[in-house]
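Worksheet: one structure, shown below.
The values are calculated or read from the model by the stated rules, or taken from the named source; none is laboratory data. Note that this is a predicted model, so its numbers are computed, not measured. No Cβ is skipped: glycine too gets one built from the backbone with ideal geometry, and neighbour counts run over all protein chains shown.
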Amino acid sequence: MKATNIVWHHSKVTKEDRQKLNGHKSVVFLLDRVFHTLLNYILHRFQ
């Protein structure tokens, strides 16, 4: 089953910028929907 409620958000900070700043490669993980929505808002708000 393919999810239909996933939306890609474009960011001012690129994947490469974040990896260089953090000193390691990024990883993808899934969060609970409500927590993810809050985290997503906070991350995009304070970039």
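Here is how the numbers come out for the structure above:
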read-out	value
The listed residue being surrounded by 10 or more Cβ atoms within 10 Å (Cβ to Cβ), of a type in the set (Lys, Arg) and out of contact with any strand residue (DSSP E or B) (no Cβ under 6 Å at 6 or more places or on another chain), out of LYS2, LYS20, LYS25, LYS12	LYS20
Matching option when the condition is part of a helix (DSSP H, G or I) and either at pLDDT 80 or above or touching a helix residue (DSSP H, G or I) at 6+ places or on another chain (Cβ under 8 Å) (or both), among ASN40, ASN5	ASN40
Sole residue being modelled with pLDDT of 85 or more and under 13 Å from the mean Cα position of the chain (by Cα), chosen from LYS15, LYS20, LYS25	LYS15
